[in-house]
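Asker: Below is one structure. I have some questions about it.
The values are calculated or read from the model by the stated rules, or taken from the named source; none is laboratory data. Note that the structure is predicted; figures quoted are calculated from it, not measured. With ideal geometry, Cβ positions are generated from the backbone for all residues, glycine too; neighbour counts draw on all protein chains shown.
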Amino acid sequence: MPVLIALLILAGLALLLAAPNLNHSRMTRWRGQRFAHRGLHDAAQGVVENTMPAFEAACRADYGIELDVQFTADHQLAVFHDDDLSRLTGDSRAVREVTLEALRAMPLAGVDSARVPTLGEVLARVNGRVPLLIELKNGRENAALCRALMDALRDYPGEYIVESFNPLIVGWFRRNAPAVVRGQLVCGMAGYRGSVSPVPAFCMAALLFNAVARPDFVAYDVNAPRFVTPRLQRLLFRTPLAAWTVRTLPQAKLTAERDEIWIFEQIRP
């Protein structure tokens, strides 16, 4: 009996910790919204991810835009996904170690016209034509990054929501910008390998840090079908979900049937 009571207490504590924001009303507008992952990019056409041509293509197709924001060495808000520059430029340095001017000098993916834009440039180009889903990348100055993002968005005329893998970043919005719809990105434990130790990785994969962030939605890896956390969120809390990254028609069909947010690439919904 004591063991059973202890297990029930632990289960109740886990439920308390993993609960999102239980007021789902402000997610009504976003259910079923489709976001082009890093813009509507196409390597075969020389349209590189997270660049102005990719964002313009998404606007013209009337898709929302998912994009990534992080600091440069001189604290500019660069729109770039990876922590380091190696995949798209061949430079092994981290983005935060390079100034914006130095980034500008680097062609992306071998396309001479493709350059890293700033968030301000993207906001000016999109100008509210389509909604934005802004992922804040984890770094060394997360609170400063959040403040800089909100400063950049202060007079922006369009719709936007935010998300991050770091629950402390999501929690910053809960405390300091509660009107902004916030999402918690999540993946399986293997996805956190090398970033955090096993215990925090388990807690993050199980969304036990939701107690810090109380996210409005959870964004999960649709390519990890054995990942139980999204199913538990769906079952226990009816949590609004966002599926990343939708790349096949069967995935698209399932995402649509569940009325989830789409974050897609390689297909045209």
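Asker: Taking residue 68 as the residue in question, decide whether it is among the charged types (D, E, K, R) and either closer than 22 Å to residue 166 by Cβ or assigned to a strand (DSSP E or B) (or both).
Answerer: yes
Asker: Here is a follow-up. Does residue 75 meet the test of being in contact with a Phe, Trp or Tyr (Cβ under 8 Å, 6 or more places away or on another chain) and of a type outside the set (Ser, Thr, Tyr)?
Answerer: Taking the combined requirement at face value, the residue does not satisfy it.
Asker: Looking at 228, 222, which one is at pLDDT 90 or above and over 19 Å from residue 163 (Cβ atoms)?
Answerer: Answer to the selection: 228.
Asker: Test residue 50 against the stated conditions and say whether it is part of a loop (DSSP other than H, G, I, E, B), modelled with pLDDT of 95 or more and touching a strand residue (DSSP E or B) at 6+ places or on another chain (Cβ under 7 Å).
Answerer: yes
Asker: Turning to a different aspect of this structure: Can you run down the residue pairs with Cβ atoms below 7 Å, 6 or more apart or on separate chains, where the first is in the stretch 73-98 and in a helix (DSSP H, G or I) and the partner is aromatic (Phe, Trp, Tyr)?
Answerer: So the pair list comes out as 95/80; 96/71.
Asker: Which condition does residue 67 not pass, out of (1) more than 22 Å from residue 260 (Cα to Cα); (2) in contact with a strand residue (DSSP E or B) (Cβ under 7 Å, 6 or more places away or on another chain), if it passes all the others?
Answerer: (1)
Asker: Among the residues of the stretch 54-77, how many are touching a Cys at 6+ places or on another chain (Cβ under 8 Å) and among the small types (Gly, Ala, Ser)?
Answerer: Qualifying residue count, the stretch 54-77: 0.
Asker: Moving to a separate point now. For the stretch 252-269, which positions are of a type outside the set (Val, Ile, Thr) and either within 15 Å of the chain's Cα centre (by Cα) or outside any loop (DSSP other than H, G, I, E, B) (or both)?
Answerer: If the condition is that a residue be of a type outside the set (Val, Ile, Thr) and either within 15 Å of the chain's Cα centre (by Cα) or outside any loop (DSSP other than H, G, I, E, B) (or both), then 252, 253, 254, 256, 257, 260, 262, 264, 265 are the ones that fit.
Asker: Could you list, in sequence order, all residues of the stretch 19-44 that are surrounded by 10 or more Cβ atoms within 10 Å (Cβ to Cβ), at pLDDT 95 or above and assigned to a helix (DSSP H, G or I)?
Answerer: 26, 27, 29, 30
Asker: Do the conditions hold for residue 152, that is, is it assigned to a helix (DSSP H, G or I) and either in contact with a Leu (Cβ under 6 Å, 6 or more places away or on another chain) or of a type in the set (A, V, I, L, M, F, W, C) (or both)?
Answerer: Considered against the rule, which asks whether it is assigned to a helix (DSSP H, G or I) and either in contact with a Leu (Cβ under 6 Å, 6 or more places away or on another chain) or of a type in the set (A, V, I, L, M, F, W, C) (or both), residue 152 comes out as yes.
Asker: Considering only the stretch 219-240, state which residues are surrounded by fewer than 24 Cβ atoms within 10 Å (Cβ to Cβ) and not in a helix (DSSP H, G or I).
Answerer: Residues satisfying the conditions are 221, 223, 224, 225, 226, 227, 228, 238.
Asker: Going by what's in this entry, would residue 152 be described as more than 25 Å from residue 200 (Cβ to Cβ), out of contact with any helix residue (DSSP H, G or I) (no Cβ under 7 Å at 6 or more places or on another chain), aliphatic (A, V, I, L, M) and at pLDDT 95 or above?
Answerer: no
Asker: Which members of the stretch 181-194 meet the condition of being touching a residue at least 24 places away in the same chain (Cβ under 8 Å) and part of a loop (DSSP other than H, G, I, E, B)?
Answerer: Result: 181, 187, 188.
Asker: Would you pick out the residues in the stretch 99-122 that are within 18 Å of residue 43 (Cα to Cα), part of a loop (DSSP other than H, G, I, E, B) and of a type in the set (A, V, I, L, M)?
Answerer: If the condition is that a residue be within 18 Å of residue 43 (Cα to Cα), part of a loop (DSSP other than H, G, I, E, B) and of a type in the set (A, V, I, L, M), then 106, 109, 114, 116 are the ones that fit.
Asker: Still on this model: Looking at the stretch 160-178 only, could you name the residues that are under 20 Å from residue 126 (Cβ atoms) and surrounded by 23 or more Cβ atoms within 10 Å (Cβ to Cβ)?
Answerer: Across the stretch 160-178, the qualifying residues are 161, 162, 163.
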